[in-house]
Amino acid sequence: MDKLIRKIEQLKSERQAVILAHNYEPPEIQDIADIVGDSLGLSIDASKLDNPVIVFCGVSFMAESAAILAPEKQVLLPRLNCGCGLADMADAAALRKMRAQHPDAVVVTYVNSSAAVKAESDICCTSGNAVNVVRSIPEGQDILFVPDRNLGAYVQQQTGRKMILWDGACPIHDVISAADVTTARVAYPGALVIVHPECKPEVVAMADSVCSTGGMFDFVAGSDSKEFIIATEEGMLYPLRKAHPDRIFHPVKEGGMICLDMKMISLADVCISLEKMENIITVNKPTADKARQALERMLAVPRN
Ligand code: SF4
């Protein structure tokens with residue numbers, strides 16, 4: 001393992017590469033990454049970094065977004081088949097059809113979507129900025145929210161805006177139930193419950209705080225509580241425990257909270273992709289140009 005890590009470091013230096021990793025990636029990948037974060041933070045980093053090579057340890061839509069935002073850079077996804085069950089629930093043809101049914105609606109698309117779907121959208125959002133993105137749209141304007149109905153429902157509740165919701169959901173977050181939260185609260189009385197907004201509305205309603213993965217760090221840092229129940233993909237426990245070794249974090253339930261796509265990339269994959277400069281993500285220019293507009297509109301929305 002040490003030898004492999006040294007080789008990655010050497011290749012990274014030779015290629016002037018930077019390694020970005022999502023909070024759900026395995027611990028050994030997070031540990032070699034230069035930046036670990038959520039979709040919003042990593043999108044911003046990808047657009048601002050000077051490095052000519054970005055190794056994206058996440059799933060395909062994230063690497064696509066990085067390639068779209070930084071077209072002059074080479075973006076490597078160490079395993080090409082890292083997909084997203086939520087992103088797969090919307091395709092460009094179906095979105096065009098839906099748009100035709102709601103021609104006046106602004107299409108707000110969660111970044112957990114393909115480049116082709118982003119290209120059919122007016123503005124993107126992440127779980128960290130979806131509320132602000134929707135608030136940036138003039139009152140009275142129809143809004144079509146794609147593809148996560150749970151995040152959409154949360155945004156509706158926060159903004160008071162009625163939206164047309166695409167019928168998609170993350171297969172990991174959507175299986176967390178209100179009963180799971182109740183069981184966890186009984187097991188860990190006194191612990192605060194932090195819920196990702198991709199969870200069902202009845203789970204979100206039981207939360208002490210609803211946060212993107214990036215927002216979870218801020219909430220914990222600003223809280224006096226020592227113990228937390230975390231309702232999101234299990235990988236999130238690692239960076240939270242690393243950042244706050246004095247606090248206790250429990251998964252909302254044992255088992256079933258693992259996104260296999262987020263666990264595919266190994267250190268060997270990172271090493272091989274850097275060595276051979278392979279698995280370079282490309283998005284065709286017409287699609288990339290349209291998707292970039294939607295992403296850049298999102299990045300222009302104030303974070304708070
Ligand atoms: Fe997609 Fe859900 Fe996996 Fe995130 S956790 S990558 S939304 S399937």
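Read the figures in this text as sums done on the coordinates, not as results from a lab. Owing to the predicted nature of the structure, the values given are computational and were not obtained by experimental measurement. Virtual Cβ from ideal backbone geometry, glycine too; neighbours counted across all protein chains shown.
The simple spin-label model puts a point 7 Å past each Cα toward its Cβ; for Asp34 and Gln16 those points are separated by 1.1 nm.
Throw me the Rg/Rh for region 76-223, computed over C-alpha atoms with Kirkwood Rh, two decimals. Over the Cα atoms of region 76-223, Rg/Rh equals 1.00. Dividing the C-alpha radius of gyration of region 114-173 by 2.2 N^0.38 Å, with N its residue count, gives 1.07. DSSP beta bridges confined to the chain are antiparallel in about 5 percent of cases. Taking 7 Å steps out from each Cα toward its Cβ at Val186 and Ala93 produces label points 4.8 nm apart.
Of the trypsin sites (Lys or Arg not before Pro) found in region 224-303, those that fall in a DSSP loop while having at most 14 other beta-carbon atoms within 10 Å are Lys226, Arg303.
Determine which residues of region 229-244 fall in the zone a paramagnetic label at Asp208 would reach in this model, i.e. backbone nitrogen under 14 Å from the point 7 Å along Cα→Cβ. Only 229-231 pass the distance filter. Run the simple label-point estimate for Ala178 and Ser266 please: 7 Å along Cα→C-beta, distance reported in nm. Once both label points are built, they end up 4.4 nm from each other. Each 10 Å bin, from zero up to the one with the longest distance, holds this percent of the alpha carbon pairs of region 1-94: 16, 49, 28, 6, 1.
Of Lys3/Lys263; Lys263/Lys290; Lys12/Lys73; Lys73/Lys118, which sit over 24 Å apart, Cα to Cα? Beyond 24 Å between Cα atoms: Lys263/Lys290. Applying a DSSP loop filter and a limit of 16 other Cβ atoms within 10 Å to the trypsin sites (Lys or Arg not before Pro) in region 144-212 leaves Lys162. When the inverse distances between all different Cα atoms of region 56-149 are averaged and flipped, the Kirkwood radius reads 14.0 angstrom. Once divided by 2.2 N^0.38 Å, the Cα radius of gyration of region 173-258 becomes 0.95. Extension gain, Ile164 to Glu278: 0.36 nm times the residue separation minus the Cα-Cα distance gives 37.0 nm. For region 25-85 versus region 182-201, the spacing of their alpha-carbon centroids is 30 Å.
Taking other C-beta atoms within 10 angstrom as a stand-in for reagent exposure, Glu25, Glu139 fall in the order Glu139, Glu25, fewest first. Rg and Dmax, both from the Cα atoms of the chain and both in Å, are 19.0, 59. Tell me, what is the percent relative contact order of region 173-258, built from C-alpha pairs under 8 Å that lie six or more residues apart? Across region 173-258, relative contact order equals 30 percent. Taking each residue as 0.36 nm, the span from Phe219 to Asn81 lengthens on full extension beyond its C-alpha to C-alpha distance by 46.4 nm.
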